[in-house]
Amino acid sequence: MKNSENQGQINATQPKATDAKAVKNNAKANFVEPTSDAATNLKELFVDSLKDIYWAENALVGALPKMAANATSAGLASAILEHLDITQLQVARLEQIFNLLGEKAEGKKCEAMAGLLKEGDSIVSETTPGPVRDAGIIAASQKIEHYEIATYGTLVAFAKTLGENDAAKLLTQTLAEEKEADCVLNDVALNTVNIVAAE
Ligand SMILES: [Fe+2]
């Protein structure tokens, strides 16, 4: 048997991602059937996404005090507590948006936020209290902020496309607050915490 033929046989049983035909076949096999309550239009996806972030923000309200309590840096603790106040405002803002849309304000478990908070707990328990734990708390908090920035960025775009301009304005305010929180965490890390943690 020639080498080229042998190669062909291997490809037939071990499809590569670069093999367009194999990718197409996999796409068929990997197709996910929609649930009975699956969103059928952008408006429904928008509302579902709002429920998801509503759950996430409420979960954060519960988790931030613990993060602040485990921070040693006064600057970090106050940044987290300040963000707790802002998060409570964001929850109220989401309720305002549900109201604008004529929808009931209700949360739907956000698996991503649940995972990020679980990872945050692990980071805290796996670091000794002081600057190293502070650096870990900032790392976990920035992952959360980046998730929120991505979420609100999408929600603003959805709201604009749907012509929900009042909702878009409110969501843009929250997006700006999340970006600001990320900047504050960056400053605390780069100007103090990371430097002390490295000593
Ligand atoms: Fe938030």
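A few notes on this one:
- The packing ranking, built from the mean of other Cβ atoms within 10 Å per residue, places the peptides 27-38, 102-113 in the order 102-113, 27-38, highest first.
- Sorted ascending by nearby beta carbons within 10 Å, beginning with the fewest, Thr161, Thr192, Thr151 become Thr161, Thr192, Thr151.
- Gyration tensor verdict on region 14-101 (Cα atoms; rounded if a/c is under 1.5, prolate if a/b is larger than b/c, oblate otherwise): oblate
- Taking 20 Å as the straight-line reach from the Cα of Lys28, the lysines in range (excluding those fewer than 8 positions away in the same chain) are Lys16.
- Counting only alpha carbon atoms, the long axis of helix 74-101 and the longest principal axis of the chain meet at about 70°.
- Residues His146, His83 arranged by fewest to most Cβ contacts within 10 Å: His146, His83
- Cα-based helix-to-principal-axis angle, 20-29 vs the chain, degrees rounded to 10: 70
- Counting neighbouring beta carbons within 10 Å and listing from fewest to most, the residues Tyr152, Tyr147 come out as Tyr147, Tyr152.
- Sparsely packed GluC sites (Glu not before Pro) within region 117-170, loop by DSSP, other Cβ within 10 Å at most 11: Glu126
- Nearest 10 degrees, 0 to 90: helix 131-161 Cα axis against the chain principal axis: 70
- 19 Å Cα-Cα reach of Lys24 towards aspartates and glutamates, excluding residues that sit fewer than 8 places from it in its own chain: Glu33
- Shape of the chain, Cα gyration tensor, a/c cut at 1.5: oblate
Throughout, read-outs are computed from the coordinates displayed, never taken from laboratory work. Computed from a predicted structure; not experimentally measured. Here Cβ is always computed from backbone atoms with ideal geometry, including for glycine, and neighbour counts include all displayed protein chains.
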